[in-house]
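One structure below.
The values are calculated or read from the model by the stated rules, or taken from the named source; none is laboratory data. Fair warning: this is a prediction, and the values are worked out from it, not measured in the lab. Neighbour counts are summed over all protein chains in view; Cβ atoms, including those assigned to glycine, are modelled from backbone coordinates with ideal geometry.
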Amino acid sequence: MKIETSPFITKENKSFKKASKLKILFYLIKKDKDKMLLKNFKKRFFNNFFNLFKSFFKNNHFHLKDNLYLHNLKSFDQIESEIRSKENTFVFGFSYCQKPLSCPQKRFSDICIFDNQNENCKNCIIGKCKKTLNKEDILLIIPDISYISNKLFEISYKNTKKNIFFIITACPMSIEMFSFANILKIKGIGFPLEGRVCKNFKSFLFAEKGIKNSETYLSEKNETFLSKILDLRHIN
């Protein structure tokens, strides 16, 4: 597979990569005031620590292909077989900043009410996904990085007989800076958002507090591909 150049973390700035990983690690520790992330991490401490250690020295925890971030996938062609697999538990995660500005539910939250009578809901990609989601799949709306980190740990621990496959939308910077897929050894796809996305750590911290006065969105090509994934899940 040809690995494309990352728009944020490139081959030429390896020291920046490691510094960013440390910065994110300290941020997560500082943010983990209720110690939930630490408790989840300690449940399989040696495995998680070993994977975290390896991830720190690994240049990239993803393959960038056709503007998609592939995690622990050997090839782009592998995606369809994984989507069809009965051995996988599927997690669809959407960043809260994709919610409409006039969302009937609080925008900075993990809740989607999907009101069929509300025009905002009808045009919301999260609502559309919720409406068409396979009943066995899991839908998450991500208000911050601690939320999705804990959820991935919890889902992984609860589904010991199945593999986790995630489909998550996020700003490219977030996808590249966080490596929980490597820690948990799970496969998935990161769909990069467009629009006024977080482009530095300062804007990321604002978004983490719900300060995001603009909508983000998927490219037309990636939204079409996401729809195909949902269709494949229903074929099963």
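Of all residues in the stretch 211-222, count the ones that are closer than 28 Å to Thr132 by Cα and either surrounded by 15 or more Cβ atoms within 10 Å (Cβ to Cβ) or free of Cβ contacts under 8 Å to residues at least 12 places away in the same chain (or both).
First, the residues of the stretch 211-222 that are closer than 28 Å to Thr132 by Cα: 212-222.
Restricting the remaining residues to those that are either surrounded by 15 or more Cβ atoms within 10 Å (Cβ to Cβ) or free of Cβ contacts under 8 Å to residues at least 12 places away in the same chain (or both) gives 212, 215-218, 220, 222.
Within the stretch 211-222, residues that are closer than 28 Å to Thr132 by Cα and either surrounded by 15 or more Cβ atoms within 10 Å (Cβ to Cβ) or free of Cβ contacts under 8 Å to residues at least 12 places away in the same chain (or both) number 7.
Does Cys97 count as touching a Phe, Trp or Tyr at 6+ places or on another chain (Cβ under 8 Å) and crowded, with 18+ Cβ neighbours inside 10 Å?
For Cys97, the condition - touching a Phe, Trp or Tyr at 6+ places or on another chain (Cβ under 8 Å) and crowded, with 18+ Cβ neighbours inside 10 Å - is not met.
Collect the residues in the stretch 148-192 that are modelled with pLDDT under 90, part of a loop (DSSP other than H, G, I, E, B) and closer than 24 Å to Ser109 by Cβ, keeping them in residue-number order.
Phe178
Quick one: in the stretch 110-147, which of the residues that are of a type in the set (S, T, N, Q) and assigned to a loop (DSSP other than H, G, I, E, B) is farthest from the chain's Cα centre (by Cα)?
Filtering first and then ranking leaves Gln117.
If Met173 satisfies all but one of (1) more than 18 Å from Leu25 (Cα to Cα); (2) surrounded by 14 or more Cβ atoms within 10 Å (Cβ to Cβ), what's the number of the condition it fails?
Result: Met173 passes all but (1).
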